[in-house]
Amino acid sequence: MSKQKLASRVGKISPFQVMAVMERAKQLQADGNDVIHLEVGEPDFVAPQAINEAGIQSIEAAKTGYTPATGLPELKHAISQHYRTRYQVEVAPERIIVTPGASGALLLMASLMVNEGEEVLMPDPCYPCNRHFLIQAGGQAKMIETSAEQAFEVKLDTLPSHWSENTTGLWLASPSNPTGAVLSKDYVAQAWQQIQALGGHLLVDEIYQGLVFEGEDFTALSLDDDIFVINSFSKYFAMTGWRLGWIVVPEWAIEGATKLAQNLFISASSVAQYAAIAAFEPTVLEECEKRRQTLNRRRLTLLEGLERVGLPVVAPAQGAFYAYVDVSSVTEDAMSWCLRLLEEEKVALTPGADFGMKDAHKYVRFAYTCDEQRLNEALTRIERFIQS
Ligand SMILES: Cc1ncc(COP(=O)(O)O)c(C=O)c1O
C-alpha cells in the first residue's frame, strides 16, 4: 500500500455517471449489438474539409511550435471579425484569449475570478465540469434550483437572496447543456444589471453559439464589454478533438488572463489554431449552417416522437443538440431506467444525475447526434420499452 495520498480536492470531484452507460454501451456494441448512441455530447459530423486541410498544411510547413500564449494574432483577428460580421459587435482581438477548448477557458476563468472559499452561482441543472473547475480554484458552485416550467432559468429576482459576502459571480450558458434552452437578450441584460448591483461578475458560456433553432442567436458581448464570454470550436465547427476554444475578457482583465494563459497552458495547440482560421471562410460557414438545419430537422423529429411515446418535452429544447426529458411518469430513478433501456433496447441516454441535484433523478438527456432514421428507430425502441 502506498503511503502517498491524493489531494483532498480530488475527493470533491464526481466522475461522470454517463461513463457507466457509455462503457456498457461500448461493451454491448463490441458483442455485436446494434446500439443507438444518444448519450454523447459531441456532433456526429467531423470538421469541414477546409479546416482539416489548413491543419495538414500547418504540419507540412512545420508551423508546429508554441504560439503566443493568448493565441495566434491571425486567429484572434478572425474571431474578432466573426463577431463583427455575424453579431455586429466590436471585440478587440486583444480581449480574446485562445485556450485548449472551452474547458481551458473555464479553468482560466475560475483561476482568474475566484478566491479561496468564494462561491459562484449557477443554475441547477448545468454543465457538470463548471463546479469542478471552481473546486480547482479553491472555490465552489452554489446551484440555484430551476424548473422545466420556468425554462430552467434562474429567477432573477431571487438572486439577492442567494448572494452572500462570499459570492463572486453568476455563470450562465446559452444555449444550455443539458437543457438546450436559449436565454433571451433581455434576460441576460437583466441578469447583468442585477449582478452589477451586487458587485459580482457575469460569465456566459456560448459554446453552442450558432446552434440556435428558436430564439435569438446573439452574444452577451453585445450588452457590455465587462461581461465575460466563453466559446469553442468544438460544437458549431465540430472540432471536439482539436481542443480549441476561447474566452473574451474585459479590457481590465487582459493582463491577469494573459499571465494565467502563459502559466497554465503556454499556448493552445498551434496546429489546431492554424486549422481554425479556416473555420471562418464563407464556404465553411455555409456548411455549418446546413448542419444546423439538419440538426433542427432531427430536433423536430425527436420532439414529435417523444410526445408520441408519452414523454413530452416541457422545457424548451431551442438550441445546442439536446433535449432534457422528464421520465418521472415511467420511472422513479432515471439512472437505473437508462441502464435498463440500454440492456433491453440498446438505446444509450445520459441520466440527469450528471447535471444537477434537484430533480436529476427524474430527467434524462437526449443528444440528437445521429440521423433521423436512427432517431426514429430509437423512439420505436423506447416506446416498446415503456410499454413492456
Ligand atoms: C456547456 C459546455 N461548456 C464547455 C464545454 C467544454 O467543451 P470543450 O472543452 O470541448 O470546448 C462543454 C462540452 O460539452 C459544454 O457542454
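Rule-based calculations on the coordinates, nothing more; no lab input. Quick caveat, the model's predicted, so the values are computed rather than measured. Reconstructed Cβ throughout: ideal geometry from the backbone, glycine too, with neighbour counts over all protein chains shown.
Miscellaneous remarks
- Euclidean distance between Cα centres, segment 136-194 to segment 310-361, Å: 22 Å
- Förster radius 22 Å - calculated FRET efficiency between Lys185 and Glu289 (Cβ-Cβ, nearest 0.05): 0.55
- Distance-filtered residues of segment 301-343 - backbone nitrogen under 14 Å, label point 7 angstrom along Arg24 Cα→Cβ: 333-343
- Shown here for segment 140-210: trypsin sites (Lys or Arg not before Pro) in loop regions (DSSP other than H, G, I, E, B) with at most 16 other Cβ atoms within 10 Å, namely Lys155.
- Short to long, the 10 Å bins of the Cα pair-distance histogram for segment 49-280 hold 8, 34, 37, 17, 4, 0 percent of all pairs.
- The loop-placed GluC sites (Glu not before Pro) in segment 272-360, going by DSSP, that have at most 12 neighbouring Cβ atoms within 10 Å of their Cβ come out as Glu332.
- Kirkwood Rh (inverse of mean 1/r, distinct Cα pairs), the chain, angstrom: 21.7 Å
- Within the chain, antiparallel bridges make up roughly 45 percent of the DSSP beta bridges whose residues both belong there.
- Cα gyration tensor category, rounded, prolate or oblate, for segment 80-131 with a/c compared to 1.5: prolate
- Simple spin-label estimate for Trp252 and Asn376 in nanometres, 7 Å along Cα-Cβ: 5.7 nm
- Under the criterion of Cα pairs below 8 Å and six or more residues apart, the relative contact order for the chain equals 25 percent.
- Per-residue ellipticity at 222 nm from helix content only, as computed over the chain with -39500 (n - 2.57) for each DSSP H run of at least four residues, stands at -12500 deg cm²/dmol.
- Net +/- balance of residues flanking Ala360 in space, Cβ distance below 9 Å, scoring K and R +1, D and E -1: -1
- Rounded, prolate or oblate (a/c below 1.5 giving rounded, otherwise prolate when a/b exceeds b/c) for segment 160-304 by Cα gyration tensor: oblate
- Contour excess over end-to-end distance, with Cα ends at Glu145 and Val314 and 0.36 nm allotted per residue: 59.2 nm
- Annotation for segment 87-195: GluC sites (Glu not before Pro) lying in DSSP loop with at most 13 further Cβ atoms inside 10 Å of their Cβ are Glu90, Glu116, Glu165.
- Modelled FRET efficiency - R0 22 Å, Thr85 with Glu304, Cβ distances, 0.05 increments: 0.05
- Between Ala7 and Ala92, the contour length at 0.36 nm per residue exceeds the alpha carbon distance by 26.6 nm.
- Taking 0.36 nm per residue of separation and subtracting the current Cα-Cα distance, fully stretching the chain between Ser329 and Ala197 would add 43.4 nm.
- Cα gyration tensor, segment 1-118 - rounded (a/c under 1.5), prolate or oblate: oblate
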